[in-house]
Structures are given as C-alpha cells and as structure tokens.
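For reference, the structure discussed in these notes is given below.
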Amino acid sequence: MKASCAFALTAAVAQPALAQSVRKQLKTANKFFEQENYRASIPFYEQVLAKEPNNALALFRAGISYMSFDKEKASDYIYKAQKLKPKVSKDVEYWLGRVDHLNYNFDEAISHYQAYNATLKQKDTRKAELAQLIQHSKNAKVQFNSPKDIFVKNLGPTINTPYSEHSPVISQDDKLLLFTSRSDNMSNIPVADDAKGKKKDKNLAADGQYYENIYEATRIDDENWEKPRSLSSVLNGKGHDASIQVFDNDTKLLMYRNDENGDIMYAEKSGTDWTEPKKLNDNINSKAFESDAYITPDGRTIYFSTGKYSEDGTLDIYYATRQQGGDWGEAKSVGNAINTKYDDDSPFLSKDGKTLYFASRGHNTMGGYDIFKSEFDSIGNKWGRPENMGYPVNTPDDDTYYRLSPDGSYAYLSSYRIGGYGEKDIYTINYIKNAIIRGKVYTKRDSTVIPGVELVFSGTQADKTALSYRDITKPETGDYQVSVLSGRTYQVALSKDGQNVGTEEFAIPVSTNDSTVINKDFYVDYIDTSATGMFAFKKIYFDTDKYKLRPESITELNNISSILKANPGVNISIEGHCDSRNTDEYNMVLGQNRADAAYNYLKKQGIGETRMVTVSYGERRPAAGNDSPENMQLNRRVEFRVILKEGEAMPTMTTPAPTSAAPARTTPLQPGKSKVKMADGTKVKTKVDEDSDKVKVKTKGANGEESKTKTKDGTIDAKTKDANGEKTKVKTDND
C-alpha cells in the first residue's frame with residue numbers, strides 16, 4: 001500500500017514537470033520561429049511533438065518551418081494541425097495554399113487561397129498578394145501539364161548539403177566548379193541551439209544559418225567531383241560572399257559581397273589563389289542591393305541586377321558598357337519587356353549574345369523565381385518577349401542562377417525542389433537526346449533472321465504528344481535501325497506483310513548526348529516463307545516517278561495471270577517499291593500506284609479481287625543501295641508474293657503450258673497430248689493442236705480443285721472451280 005502511494009506521488013510530481021518541460025521547449029521553438037530561424041526551431045518543435053503528438057500549434061509552426069527543407073512533411077504537419085484544430089491560426093488557409101502549391105496540388109492551393117481571401121477586408125493589401133499567388137498556381141498548372149523533354153540531375157551529396165548551395169560557376173575547360181554554400185564549412189559544426197544566442201557561432205547570420213561562402217571543386221568524371229574546398233579568407237569576408245562568374249580566360253572572378261546592402265566585386269587570380277576583391281565603380285554599385293551580374297566574353301558589356309532604380313527596392317536588370325581600357329559607363333535598363341514590378345535577377349547571356357537568360361518573380365512564373373529566356377531583336381534593337389523555360393527547368397519554388405556550360409550543351413541551375421538534399425541545391429539541366437536503337441528480328445522457333453519485318457516504336461513526349469518511329473529489317477541482313485527520343489518506354493509493334501507478329505515494351509534510358517547506341521534484338525512467333533513465296537514470279541520495273549506499265553511488264557503480268565489461273569487456290573500480295581528520290585510520304589503513294597497498276601491489269605485478265613492484295617513499301621525496302629542509276633532502277637519495282645497462312649508450306653505450283661502471251665520461246669510447242677501428276681497429287685493434262693496455235697490445259701487437284709484453260713491466237717478462255725466448289729469463268733484477249 002505504501003509502495004502504491006509512493007508511485008502515485010511520483011507520477012503526480014512527474015506530470016507538472018513534463019508539462020513544464022514541454023512549455024519551455026515550445027517557448028524556445030517559438031522564439032526561433034519568430035526570428036525566422038526555422039532550421040533552429042525544428043528540433044524544439046520535434047521534442048514537443050515527441051511528447052505531445054497532437055499539439056496543433058507545434059504541428060502548424062513546425063510545418064511552416066519545414067517548407068524549405070521537406071515540403072511533403074510540411075504538408076503533413078499543417079494539414080494534421082488544421083484537422084486537430086481548424087482555427088489553429090487565422091492564416092491557416094494561406095499556409096495550406098502555400099504548401100499545396102509547393103507540392104504540385106495547384107487546384108487545392110487555389111481553393112485555399114480563395115478561402116483565405118474571403119476572410120480579408122476589401123482594402124486589405126494582402127489581397128493583391130493573394131491574386132498573384134492564385135495566378136502562380138494557374139501558371140504552374142499549365143507549365144506542369146506541358147513538360148519539356150529535359151533531364152534534371154542533382155549534382156549529388158559531394159556538392160550539395162542540407163544547407164543552401166547556389167551560384168554555380170564553371171571554368172572554360174568544364175573541370176572546375178565554383179559555387180556558393182551556406183554550409184558549415186563542410187565541417188559539420190552544429191548550429192547554435194541556445195535561443196538567447198549565448199552559444200552562437202560567429203559565422204552564423206541573423207537567421208541562424210551560416211554566412212554564404214565560396215567553394216571550389218574539381219571534376220573527377222562526368223558523375224563525380226572531388227571534395228570541395230573553401231576559398232581563401234581573402235576571398236571570403238566576414239559576411240555573405242557569393243560566386244558570380246569567371247572571365248578573361250578564367251583569370252578573374254566576379255563575385256558578390258554584402259557590403260552596403262550588397263555589391264558586385266572582382267578578384268584576380270594570383271597563383272593558385274585570388275587577390276583581395278575590389279568593387280566595380282559607382283555606375284554599377286550603389287547603396288541599394290546589387291545581387292548578380294554577367295560580363296560578355298569581349299569584356300565590353302556587363303549585365304547586372306540592382307534595386308537602385310525601383311521605388312520599392314525590387315531588382316531590375318541593367319547593363320553598362322566600357323571602352324577598351326576604360327571603366328564602366330552609365331547604366332541603362334534592358335527594357336520593360338524584361339523588367340517587371342517584381343524582382344528580375346541573375347542575368348546570363350548565350351555565347352553568341354543573342355539569348356538572355358534570367359530569373360524573375362514576375363511574368364508568368366510558376367511561383368517564386370522562374371528561369372526565362374529572351375531573344376534579341378536585331379531589327380528593333382531590343383530584347384523580345386520573355387519565354388518561361390517551362391517545367392521541369394522551373395518548379396513551384398525558387399529556381400535561379402541558370403548558367404550554360406562552356407560548350408552550351410547543358411546548363412547549371414540552383415533550385416529548391418522535392419528530392420533534394422535540404423534547401424537549395426545545384427542541378428544540371430540537359431535536353432534529352434535521341435538514342436540509336438539497332439538490331440535484328442529473329443524467329444523464336446529456330447532463331448532465323450527475318451527480313452522485311454516492320455518495327456514501329458510508339459511513345460509519347462513529356463507533354464503526351466505522340467511519338468512514332470519505324471524501320472523495316474533489311475532484305476539481306478535482317479538489320480533495323482531507328483533513332484528515337486530517349487528516356488521513356490516504347491511500345492514496339494512488329495509486323496510482317498501487314499500482319500502483326502509481335503508486340504513488346506522496351507524502356508530506353510535517358511541519353512544526354514548524340515552518340516548513344518543500344519542493341520536490341522526481337523524474337524517473334526513467325527515462320528518466314530517469303531523467300532520461297534516469290535520463286536514463281538518475276539519482278540516488274542518502272543521508269544522514274546512513273547507507274548505506267550512497260551511492254552515487258554505486260555508480258556510478265558500475262559505470265560503471272562496464267563500461273564494464277566492454273567493454280568486457283570493461290571493468292572498473292574502485290575507490293576510496290578520506289579527509289580529514294582522523293583520524300584517518304586510521296587514514295588508511299590507512288591509505290592501504291594505501281595501496285596495498283598499491276599493489280600488492275602491482273603483483274604482485267606480475270607484474276608478475282610479476293611485473290612489479290614496490294615501494299616506499298618515506298619522506299620523502305622530497297623533491293624539495292626540508292627547510290628547509282630542502275631541500283632535505283634532495281635528499287636523501282638513491283639514484287640509478287642504468294643500469301644501463306646501461318647505454318648502453311650508453299651504449295652507445289654502448276655505451271656501452265658506457255659501461250660502466245662507468255663514470254664518469248666526459242667522453239668514452238670510440240671503438237672500432241674501429255675499427262676503429268678505433280679508431287680501434291682495434282683493431275684495436269686495438256687493438248688496442243690497440230691499448228692501449235694491452240695493449247696488446252698486441264699488440272700485436277702487432290703482437294704477437288706479443277707481448271708480448264710484454252711488459249712488460241714492470244715485469246716484466253718478459262719473456267720476454274722476451287723475446293724469449295726466456287727466457279728469462275730474468264731474470257732479475254734491478251735494482246
């Protein structure tokens with residue numbers, strides 16, 4: 001009994017002590033929060049939540065604090081706080097809008113902004129901000145739903161830290177990276193945890209984070225960097241210092257230092273180090289905020305961002321020029337097409353000086369800073385209307401410091417985005433390039449190469465626009481090759497003679513160069529009979545850009561007609577081909593016209609429509625290279641192929657007795673009668689009269705097919721009956 005009382009007394013004492021501890025931690029967290037030292041406030045809020053997981057105020061403020069470090073956790077905390085206590089803050093709808101916007105929930109963000117706007121008085125100045133935020137969400141929704149085929153890659157944990165990294169500067173040989181970081185000098189010194197600041201490190205700024213310093217890292221290979229080193233104390237002052245640009249063959253460094261609200265300075269290379277930075281003249285620097293700049297390769301023009309000329313101190317982009325050996329002249333605005341009433345910052349020019357890249361909080365931004373580009377109008381002598389670089393270059397949060405690589409093939413960017421290492425990280429931006437896919441198509445049964453297989457790669461661009469690439473395996477080798485946009489999965493449809501023989505998904509990794517080659521072979525359920533399917537028929541040829549039948553083609557078509565009449569169970573594919581003189585689209589039509597010419601002639605000779613199909617391959621199945629007049633002639637053709645069902649063997653063809661319409665003979669037919677039994681059981685009787693000008697041929701197949709053909713003086717009189725008993729009569733003049 002005494003033990004129970006003692007326990008109860010201990011518990012009673014512990015509860016007030018616990019509550020007192022929570023209140024103290026919450027007070028400390030709130031003090032950091034009110035100082036906007038969000039990084040320092042988070043550990044204290046988490047200590048409160050460990051003991052009181054449903055503390056709505058701690059959840060709400062911790063959620064706001066997490067917005068720069070973990071957007072998804074920020075959303076979870078703020079939503080949970082509102083659920084526990086709907087009026088946890090009079091501004092909760094505003095913050096729900098902010099966090100939804102950052103997490104790409106744009107419709108929900110708009111709804112929260114509108115709900116918050118309804119709580120404000122008509123003359124509240126915050127209504128203008130709400131209108132802009134709503135427009136940001138609308139802009140972001142448009143950009144997000146129309147993404148570009150761009151590959152965004154984080155530079156990795158060697159460069160990026162839980163702190164903010166920005167302002168990438170790359171040397172001319174692309175091997176040395178200078179950048180700015182708010183890290184703890186890469187030494188993991190903990191941020192001061194005393195709300196009164198007694199233990200505050202001298203390197204900490206007012207917001208509780210370390211001052212910006214300049215670092216450099218050497219490239220190891222395309223993927224890796226050596227550990228960065230902080231530049232000398234000469235270059236890094238007591239406050240914020242940031243890298244801007246190396247110029248004049250990498251011998252000079254343009255940089256920012258927060259003297260007089262922020263100025264542009266430069267240092268010169270001295271051995272392996274840098275000299276003491278010097279300020280640019282008063283035409284560039286002022287008592288206002290100058291943040292970033294770019295000097296053209298000839299050293300004659302500087303573009304810079306300054307708050308000097310705006311009424312409210314927002315940044316605009318100006319430029320100044322100088323004569324050889326002179327100093328910077330009077331600053332001039334780049335124009336109202338670029339500058340807005342919001343911040344316009346971080347100018348950078350393409351090497352040819354025709355494209356200006358910059359960051360802006362104005363124009364049609366997705367939220368915060370976005371990267372824009374403007375083309376110079378040489379006729380109007382002004383910069384054109386800026387274009388948003390689109391998603392995923394830009395995100396709903398800040399995206400700044402867009403810097404092209406020395407060869408212009410990719411860019412560096414600093415950005416707050418989901419999936420980073422903490423705050424702002426440095427990324428590379430590459431346009432996704434094509435990859436060459438090549439290989440062969442084989443049969444599954446015996447791994448035989450199949451020529452004449454059409455492969456169609458179907459996919460979509462990032463914005464869902466359809467992509468389609470095709471090729472046909474070559475006649476001799478069975479090879480195919482296509483150049484397709486990389487970084488996506490394609491549906492590959494394989495067809496032979498118009499019939500699907502296989503479908504497969506094929507994922508192609510991202511390629512950011514033009515030399516990626518991927519080997520891919522396909523195996524399909526198909527028995528290739530095309531080689532034997534064409535033995536009975538010769539090809540016919542055409543003049544350039546024509547589909548009129550030549551005289552020798554008429555002779556061969558008459559021969560084909562005779563063979564088809566002698567073999568009523570045989571159906572054929574008539575296939576038109578072209579050389580490569582014209583476009584693929586044009587040649588597809590021309591090939592079809594050639595196939596149709598042969599089809600129509602055979603139809604006039606009495607060959608049933610149901611026994612013939614036509615197809616055009618245009619220039620896609622060359623019989624020879626299109627590299628000489630002789631080879632091009634070989635490609636201007638129509639081929640005839642027996643159509644076989646899957647697994648069906650080539651039938652034994654009955655060859656009719658030659659007629660006057662057949663190809664020329666060196667000796668006349670001998671009068672008399674003959675009987676022949678073919679290997680498939682077909683019986684053939686032939687009778688030639690004494691003058692050799694009248695020929696009768698009778699056939700009877702093993703399945704009951706019959707035909708009677710009489711040819712005299714060029715006239716054909718034929719009767720056929722197929723295995724189903726269907727009869728056909730033909731009488732025509734072959735001349």
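Residues of the range 321-361 being open to solvent by 30 Å² or more (accessible area, probe 1.4 Å) and aliphatic (A, V, I, L, M), which ones? Scanning the range 321-361 gives a single hit, ALA337.
Per the conditions (1) touching a residue at least 60 places away in the same chain (Cβ under 8 Å); (2) on the phi < 0 side of the Ramachandran plot, the sole criterion not satisfied by TYR402 is (1). Scan the range 147-163 and give yes if some residue there is farther than 17 Å from TYR410 by Cβ and not in a loop (DSSP other than H, G, I, E, B), otherwise no. Within the range 147-163 (the criterion being farther than 17 Å from TYR410 by Cβ and not in a loop (DSSP other than H, G, I, E, B)), the answer is no, since none of the residues qualifies. All conditions but one from (1) closer than 26 Å to PRO396 by Cβ; (2) touching a helix residue (DSSP H, G or I) at 6+ places or on another chain (Cβ under 8 Å) apply to LEU57; the one that does not is (1).
Please work out which one of (1) under 26 Å from TYR402 (Cβ atoms); (2) buried (at least 18 other Cβ atoms within 10 Å of the Cβ) is the condition LYS138 fails and give its number. So the condition that LYS138 fails would be (2). Restricted to the range 28-45, and to residues there that are open to solvent by 50 Å² or more (accessible area, probe 1.4 Å) and not basic (Lys, Arg), the residue that is nearest to the chain's Cα centre (by Cα) is TYR38. Within the range 362-388, the set of residues being surrounded by fewer than 23 Cβ atoms within 10 Å (Cβ to Cβ), in a loop (DSSP other than H, G, I, E, B) and without any contact (Cβ under 8 Å) to a residue 40 or more places away in the chain comprises GLY362, HIS363, SER378, ILE379, GLY380, ASN381. Taking first residues from the range 230-244 that are farther than 14 Å from TYR256 by Cα and among the polar types (S, T, N, Q) and partners that are in a loop (DSSP other than H, G, I, E, B) and open to solvent by 10 Å² or more (accessible area, probe 1.4 Å), the Cβ contacts under 8 Å between residues at least 6 apart in sequence or on separate chains come to SER230/ASN185; SER230/MET186; SER230/ASN236.
Residues are listed down the side, and each one gets a yes or a no for (1) closer than 26 Å to VAL453 by Cβ; (2) surrounded by fewer than 16 Cβ atoms within 10 Å (Cβ to Cβ); (3) in contact with a helix residue (DSSP H, G or I) (Cβ under 9 Å, 6 or more places away or on another chain):
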| site | (1), (2), (3) |
| --- | --- |
| SER573 | yes, no, yes |
| ASP584 | yes, yes, no |
| LEU602 | no, no, yes |
| TYR617 | yes, no, yes |
| ALA623 | yes, no, yes |
| ASN635 | yes, no, no |
| ILE643 | yes, no, yes |
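Every condition in (1) over 22 Å from TYR412 (Cβ atoms); (2) out of contact with any Phe, Trp or Tyr (no Cβ under 6 Å at 6 or more places or on another chain); (3) free of Cβ contacts under 8 Å to residues at least 40 places away in the same chain is met by SER333 except one, and the failing one is (2). Filtered by the rule that a residue be among the polar types (S, T, N, Q), closer than 19 Å to PHE69 by Cβ and part of a helix (DSSP H, G or I), the range 21-37 gives THR28, ASN30.
Based on what the data block shows, is GLU504 surrounded by 13 or more Cβ atoms within 10 Å (Cβ to Cβ) and either free of Cβ contacts under 8 Å to residues at least 12 places away in the same chain or closer than 22 Å to ALA624 by Cβ (or both)? In short, no. Restricting attention to the range 485-497, does a residue exist that is open to solvent by 60 Å² or more (accessible area, probe 1.4 Å) and touching a residue at least 40 places away in the same chain (Cβ under 8 Å)? No, the range 485-497 contains no residue that is open to solvent by 60 Å² or more (accessible area, probe 1.4 Å) and touching a residue at least 40 places away in the same chain (Cβ under 8 Å).
The values are calculated or read from the model by the stated rules, or taken from the named source; none is laboratory data. Keep in mind the model is a prediction, meaning the values are calculated, not measured. FYI the Cβ positions are ideal-geometry reconstructions off the backbone, even for glycines, and counts take in every protein chain you see. Remember, those area values only see protein heavy atoms, side chains included, never the ligands or the DNA or RNA. Shrake-Rupley method; radii C 1.70, N 1.55, O 1.52, S 1.80 Å.
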